[in-house]
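Below is one structure, written out as structure tokens, with a few remarks after it.
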Amino acid sequence: MHKVFRLLVVVLALALMAAAGCGDDDDGGGGGGGEASGEPIKVGASLPLTGEFSEPGKAARQGYEVWEATVNAKGGLIDGRPVQMVIKDDQSNQNTVVADYNALISRDRVDLLLGTFSSLLNLPASAVAERNRMLYVEPAGGAPELFDRGFKYLFFAQQATADHQGDLWAEWVTNLPENERPKTAAYPTLDDPFARPALEGIEAILSDAGIKTVYRETYTIDNPNLDGIASALKARNPDVVVHGATFEDGVAFVRALRRANFTPDMLYQTSAPSFGDQYSGAIGKQTTEGIFYGVSHTKEATTPGNKAFVAKYREMFGGQEVPEDAADAYAAAQVLEAAVKAVGTIDRNRQIELADWLRENEVDTILGPLRWDDAGRPQGEFLVGQWQSGVPEIILPEAAATSDEIIPEWRPEGAG
Amino acid sequence: MTEFLQALILGLLIGGVYALLASGLTLIFGVMNVINIAHGAFLILAAFITWSLWRAIGLDPLAAIFALTPVMFAFGWLLYNATIRPIRRAPPAASVLLTFGLALFLEGIMGVIWGNTSHSVRPEYFAQSFEIGELFLPKAQVYGGLVAIVVLASLYLVLTRSWLGRAIRASAVNPQGAELVGVNAVSVAALTFAIGVASAGAGGAIASVLYPFLPGSHYQWIARLLGIIVLGGMGSLPGAVIGALCLGVAELMTVTYIGPEWATGVPYAFVFIVLLLRPQGILGTRLRQDVATA
Amino acid sequence: MTDGATTAVAEETLKGGGTPPSRAPSKTLRSPWTAVIALAILLVALFPVLSDDLYYQNMIILAMVFAVGAVGLNIITGYAGYISLGQGAFIGLGAYTVGICVSDIGGSPWVWVPVAGVLAGLVAAALGVVAMRARGHAFVILTIAFLFLVQLLATNWDELTNGTGGITLPIPTWSVDYQYWPFYYTLMGLLAVSLVLSWWIRRNKFGMGLVAIREDEDKAATVGVSTPTYKILAFVASAVFVGMAGGVYGYYISFIDPLGMFNILLSVQIILSLLLGGRDTLWGPVLGAFIIEWLNETSNQEFQGGNARLLIFGGLLVLVVMFLPRGIIPTANRWIEWWRTRGKAGLAGERLTGIDLRARAAPAREAAEPSGPPLLEVKGLEKRFGGVRAVDGASFAVPEGSITALIGPNGSGKTTVFNLIGGTMTPQAGEVWFDGQRIDGKPPWQRAHLGLGRTFQITRLFREMTVLENVVAPLQGFHPRLLGADAVSGREARRAEDLLEFVGMRKYRDVHASALSYGQQKLVELAQILMLDPKLIMLDEPAGGINPTLIERIGEMIRELNAQGKTFLIVEHNMPFVLGMCNPVLVLARGQTIASGTADEVQRDPQVLDAYLGEDFRLEEPARA
């Protein structure tokens, strides 16, 4: 009796805790506006809504949902049929993502697929799509390995693969006048399939131009001994520090540099500085002055449709910030939309036609015009951003720039 | 040379915090022969609570220790009585699996409440340091190390000067004997577990300032702590302190001279080397059960 | 009293019921599960042909990967009792082997799957070598460290593994119409082979040795089981097919990276499958794997997140450990047994009567004369525990053919001397010679093979084994071929039954050792070491804690065996028992031999009287006589 009672208590307690936790997760999908009619076209995707990549995963879902609402408000995808997103959670787990895409294809019998978030998950998921001959446009998986497999149905809907993320900035550095050009560089990076290739790409360009590498080390998210790294950097005193980072370790790294009282001439970080107020709040507004970063999207961009997207996003989810990952997801859906509208089919047996169309055409998205090579690699260039007077600005390419000044150095003591 | 000294100092500072965290784990093992795999999860939980307090009311993480310790103590006491106590007569493997299950469950709970992204607590002094010539001593590390020493010292006082401390040590050496002289082994075990969890709470508050953390970080932490107590000798409190300082220094030396990506491996290397060369650790005799039971 | 009919029923009861199930997995096969299992196999085999549901196909494929993992884990955890939290590492190792070979050398992934198995086996053997030094908690820690270390290597060894970028494998080239069939049926084949291996191990000497290790590793060594060899082989056996399944899994997922392949949750899923299904059963791990994978996928599809996986796995692990420690199959078997035998329970009492007291006429004899050269010689033996000198230069000899007693007050170091002679402990100084060989450097099992058998002060039978299994467990030697021998061969069984007959325990042959009384355990332990056919039998307090009639019986047996040529060394506190039978008598005090001689000589020795605090010793004798 006692034992049974205890079992009940434990089960109840566990269930309560679990229920309390799960409460805040609402269902993905759901119909959008009611303007379109006819049987909905099902578009399936699995995203990491929980687990390690849950933050960007949730942002990506918002992006897909904004697109769903936008398309349906415009009268549907084709034949006046509305779109219905079917979104599953892969828990940031590779087994689950494979299971999810299999389920989307064979159980939910979706008409079209959209990709998941992060290279780690897109690698296995794209193989499922390829195997089932379904077009697979993915918003956030830039690792070069994805495109070395000769897939025919895979397309990446950002401007460039990860290894080219910093090309534009690196070229800008190498084109500086001789006396302003840095002589030495350091490359600490988080072990991450997006950050690392980005750094390798930058290092290749800088070292070709004669900028000597004095430090190149990788750390893991579990064990970011950033004080040790800062101390090592201080000892080597590089002119420029290129840091491959996600948000928290990016912030912690800047502060570790401050603690070690080491200020390189230039500081470039991946990802972290694109987090807007969150970033400046975490390291202090004045500390941001002059920090460079690579980014795919800004809410201020003048690309076609961007204003509408930003407005719709704010209407649906509130807040001032528009996550980059939501914009990327929206752009991926735009690519899919363009292909379907141009070819005029959602037939599961004719998806190769959609893929062929994408290979031959350029698509206008909120990230700018995108086009691809035969393997689905995008052929554009990432934007380069810089924090100036406490505000993130786009400085390169000139066509997209929001500020015509480029601060040549990091000024953590503040502007002026 | 500066680089070496810098690494040594940073290593010793972080080692002090490790010592506090490992002391709870080794205490629990010494008294009840339970390897508490959930220790890392407790400390991450404490770090998240510290983060929330800091976010909500701007409470300094080191001041949060005063709030956290009693809460974690109560949590530990309840958890012991609800889960570990009923299986205390089961084979030792049961408690390992049970605490492992608790760790996973806690990881899930934390993921639900705080999300699965990195968090860190950044008080004012987070980006500042004391400077001594070429060397820098980050204020967060210095304060953290000092608080860890204070908490450890009070733990040591409790263990040596109080009736509870004597009962705990008696239970560790000879549970049956302790029962004979009127020590209730079960309630001593519950209190020990609670003290262990409370020390993880204090350590978690400090750790929240030092490293960014996410729910999944507890694996790395438990690996570190296990490496420490294996090196120091399982069940030995002084051994845990020595092991912790060794690990702190070894990690920083690895970061400085080998590469930060290998720092994660230091505790695993400890485990393998110790088991091959000196299975009882520096100050312990209990690791090899064949020696203990034969 | 014991009329034929009653005994027959009692025996029946003892054989079939009243005891925990899961003696050998083969027994499970014959139970009501047979039909269920056959049906399940058929269903799984035909599923891909009957349904084109890729969702379930995927689920079964993953379940089979974990089932292979759990069946492998069962060999070290279920049979040998070693808990590993790092079993998932072998899935990752297998996947990486295939991935690296395909991308660096080329060829079809299928070709490399066997290589993956070999590599996993080699790594497991290496781990086994390290693990020889770790038991219990230390071993668990080691397996966690192993998993994380391998993950770290996969992350940092860029040239080989491409780090976190991972390795991509080509996607399958066969027609889409065949869906995932090749993966499906390959895994099914692997699962079948690993089940056969598991079954084969459990029914032969190898498995018996592993169970002996699980029940009592030190004891296993003293009855001749070469524990390190067994453990290393068990590690290899537990890893080979897991490595192969990992290779197939990697190909199936098509992408291999350190985070996914060495995720600790893979290990959790494997161990949870084993615990839930039932350790030390053939089908438990498979059942568990299917349930867990189904739960995992369903929760994922239904709940849509909420860190559900962690909550379910963690919560389930807690619940299983607390409330279902044996797992589904053993618990279900218990219920079935209970259902079948309810109402017959009253007969269990029958077994306590009529056997112990069966008198065997044996003429009382005088103490044997010491004769022959020393069979065992101990010179200057020393053993310290911290500052305590438990044995401090003990030296003595046991003449061949004698019944030698080793007496001494409590704490004089008698049991420690036994442990040093038997090899359970190593001395800091001194020599032990046995039958003309120096043995103090040899492991316990080799000493057993040389003809040294011992019992323990508190009996240490293998509690989950039957009496018969306990008696046939000892091994007189080691040979690879031996591992494959039937656990209980006909010849051995007959010999074991003879020995059980000799000690009067034959009727209990199928009872679990844990169900015996203390005195009965002593008798079985005696039969157990007789199975070794030892030259020297060392008994640690054979008369301790048992009734006078049984003491007399044991005394008779010792004399009878001695008459057949066995030499005895006996530690005992029961002075009449010792003095009436033993010659010479050795007296140990404070870790040193202070006297030796006949019983009379020793009794008169003032040093001995002093050591025993005089009066107690003299008072004891008339009281017992």
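Within the set of pairs 6 or more residues apart or between chains, which connect a residue that is farther than 17 Å from C:Met64 by Cβ inside the range C:85-106 to a residue that is modelled with pLDDT under 95 and charged (D, E, K, R) with Cβ atoms less than 8 Å apart?
The qualifying pairs do not exist here.
Residues of the range A:136-146 being at pLDDT below 90 and either closer than 19 Å to A:Asn102 by Cβ or within 10 Å of another protein chain (Cβ to nearest Cβ) (or both), which ones? Outline the logic, then answer.
If we filter the range A:136-146 for residues that are at pLDDT below 90, which is where we start, we get A:140-146.
A:Gly141, A:Ala143, A:Pro144, A:Glu145, A:Leu146, listed by residue number.
I'd like the residue in the range B:77-101 that is at the interface with chain C (Cβ under 9 Å from one of its Cβ atoms) and not in a helix (DSSP H, G or I) and, out of all such residues, is surrounded by the fewest Cβ atoms within 10 Å (Cβ to Cβ).
By that ranking, first place goes to B:Pro91.
Going through the range C:110-135 one residue at a time, which ones are surrounded by 21 or more Cβ atoms within 10 Å (Cβ to Cβ) and over 18 Å from C:Ser238 (Cβ atoms)?
Across the range C:110-135, the qualifying residue is only C:Trp112.
Please go through the range A:253-279 and pick out each residue that is within 13 Å of chain B (Cβ to nearest Cβ) and either out of contact with any Lys or Arg (no Cβ under 9 Å at 6 or more places or on another chain) or in a helix (DSSP H, G or I) (or both).
Initial filter on the range A:253-279 (within 13 Å of chain B (Cβ to nearest Cβ)): A:253-263, A:271-272, A:275, A:278-279.
If the condition is that a residue be within 13 Å of chain B (Cβ to nearest Cβ) and either out of contact with any Lys or Arg (no Cβ under 9 Å at 6 or more places or on another chain) or in a helix (DSSP H, G or I) (or both), then A:Phe253, A:Val254, A:Arg255, A:Ala256, A:Leu257, A:Arg258, A:Arg259, A:Ser271, A:Ala272, A:Phe275, A:Gln278, A:Tyr279 are the ones that fit.
For A:Trp172, only one of the following conditions fails: (1) crowded, with 19+ Cβ neighbours inside 10 Å; (2) more than 14 Å from chain C (Cβ to nearest Cβ); (3) assigned to a helix (DSSP H, G or I); (4) not basic (Lys, Arg). What is its number?
Condition not satisfied by A:Trp172: (1).
Tell me which residues, restricted to the range A:405-416, are touching a strand residue (DSSP E or B) at 6+ places or on another chain (Cβ under 8 Å) and either in the same structural domain as A:Thr263 (by TED's automatic domain parsing) or surrounded by 15 or more Cβ atoms within 10 Å (Cβ to Cβ) (or both). Break it down into steps so the answer makes sense when it comes.
Residues of the range A:405-416 touching a strand residue (DSSP E or B) at 6+ places or on another chain (Cβ under 8 Å): A:405-410, A:415.
Once the filter is applied, which keeps residues that are touching a strand residue (DSSP E or B) at 6+ places or on another chain (Cβ under 8 Å) and either in the same structural domain as A:Thr263 (by TED's automatic domain parsing) or surrounded by 15 or more Cβ atoms within 10 Å (Cβ to Cβ) (or both), the range A:405-416 yields A:Ile406, A:Ile407, A:Glu409, A:Trp410.
State which residue pairs qualify: first residue within 7 Å of chain C (Cβ to nearest Cβ) and under 26 Å from A:Ala327 (Cα atoms) and inside the range A:94-116, second residue assigned to a loop (DSSP other than H, G, I, E, B) and of a type in the set (A, V, I, L, M) in any location, beta carbons under 8 Å apart, and separation of 6 or more residues or different chains.
A:Ile105/A:Met134
Across the range A:116-160, what is the total count of residues that are buried (at least 24 other Cβ atoms within 10 Å of the Cβ) and in a loop (DSSP other than H, G, I, E, B)?
Within the range A:116-160, residues that are buried (at least 24 other Cβ atoms within 10 Å of the Cβ) and in a loop (DSSP other than H, G, I, E, B) number 10.
Hey, does the range C:266-275 have a residue that's part of a loop (DSSP other than H, G, I, E, B) and either of a type outside the set (S, T, N, Q) or within 14 Å of chain A (Cβ to nearest Cβ) (or both)? Let's see the steps before the verdict.
Residues of the range C:266-275 that are part of a loop (DSSP other than H, G, I, E, B), as a first pass: none.
Within the range C:266-275 (the criterion being part of a loop (DSSP other than H, G, I, E, B) and either of a type outside the set (S, T, N, Q) or within 14 Å of chain A (Cβ to nearest Cβ) (or both)), the answer is no, since none of the residues qualifies.
B:Glu261 fails exactly one of the following numbered conditions: (1) surrounded by fewer than 24 Cβ atoms within 10 Å (Cβ to Cβ); (2) out of contact with any strand residue (DSSP E or B) (no Cβ under 7 Å at 6 or more places or on another chain); (3) assigned to a helix (DSSP H, G or I). What is the number of that condition?
It fails just one condition, (2).
When you go through (1) within 14 Å of chain B (Cβ to nearest Cβ); (2) at pLDDT 90 or above one by one for C:Leu127, which number turns out not to apply?
(2)
Out of the range C:455-468, which residues are in contact with a strand residue (DSSP E or B) (Cβ under 9 Å, 6 or more places away or on another chain) and more than 13 Å from chain B (Cβ to nearest Cβ)?
Within the range C:455-468, C:Thr455, C:Met465, C:Thr466, C:Val467 meet the criteria.
Kindly evaluate C:Leu561 against the criterion of being of a type in the set (A, V, I, L, M, F, W, C), buried (at least 22 other Cβ atoms within 10 Å of the Cβ) and within 24 Å of C:Gly436 (Cβ to Cβ).
no
Regarding the range C:317-331, can at least one residue be identified that is small (Gly, Ala, Ser), within 14 Å of another protein chain (Cβ to nearest Cβ) and in a helix (DSSP H, G or I)? I'd like the intermediate steps shown before the answer.
From the range C:317-331, those small (Gly, Ala, Ser) are C:327; that's our starting set.
Keeping just the survivors that are within 14 Å of another protein chain (Cβ to nearest Cβ) gives C:327.
Cutting the leftovers down to in a helix (DSSP H, G or I) gives us none.
Scanning the range C:317-331 turns up no residue that is small (Gly, Ala, Ser), within 14 Å of another protein chain (Cβ to nearest Cβ) and in a helix (DSSP H, G or I).
The rows are residues; the columns are (1) farther than 30 Å from A:Ile221 by Cβ; (2) in contact with a Gly (Cβ under 6 Å, 6 or more places away or on another chain); (3) part of a helix (DSSP H, G or I); (4) within 14 Å of chain A (Cβ to nearest Cβ).
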| site | (1), (2), (3), (4) |
| --- | --- |
| C:Thr164 | no, no, yes, yes |
| C:Trp174 | yes, no, no, yes |
| C:Phe183 | yes, no, yes, yes |
| C:Thr186 | yes, no, yes, no |
| C:Gly189 | yes, no, yes, no |
| C:Gly207 | yes, no, yes, no |
| C:Ala212 | yes, no, yes, no |
| C:Ala220 | yes, no, yes, no |
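Looking only at residues that are more than 7 Å from every other protein chain (Cβ to nearest Cβ) and part of a loop (DSSP other than H, G, I, E, B) in the range A:186-220, which one is nearest to B:Ala263 (Cα to Cα)?
Among those that are more than 7 Å from every other protein chain (Cβ to nearest Cβ) and part of a loop (DSSP other than H, G, I, E, B), it is A:Phe194.
Restricting attention to the range B:127-160, report how many residues are over 20 Å from B:Gly15 (Cβ atoms) and either in a strand (DSSP E or B) or within 14 Å of chain A (Cβ to nearest Cβ) (or both). Steps first, answer last, please.
Step one: filter the range B:127-160 for residues over 20 Å from B:Gly15 (Cβ atoms), giving B:127-128, B:131, B:133-134, B:157-160.
Restricting the remaining residues to those that are either in a strand (DSSP E or B) or within 14 Å of chain A (Cβ to nearest Cβ) (or both) gives B:127-128, B:131, B:133-134.
Count: 5.
The values are calculated or read from the model by the stated rules, or taken from the named source; none is laboratory data. What you see is a predicted model, and the numbers here were worked out from it, not measured in a lab. Heads up, the Cβs are rebuilt from the backbone with ideal geometry, glycines too, and the neighbour counts pull from every protein chain shown.
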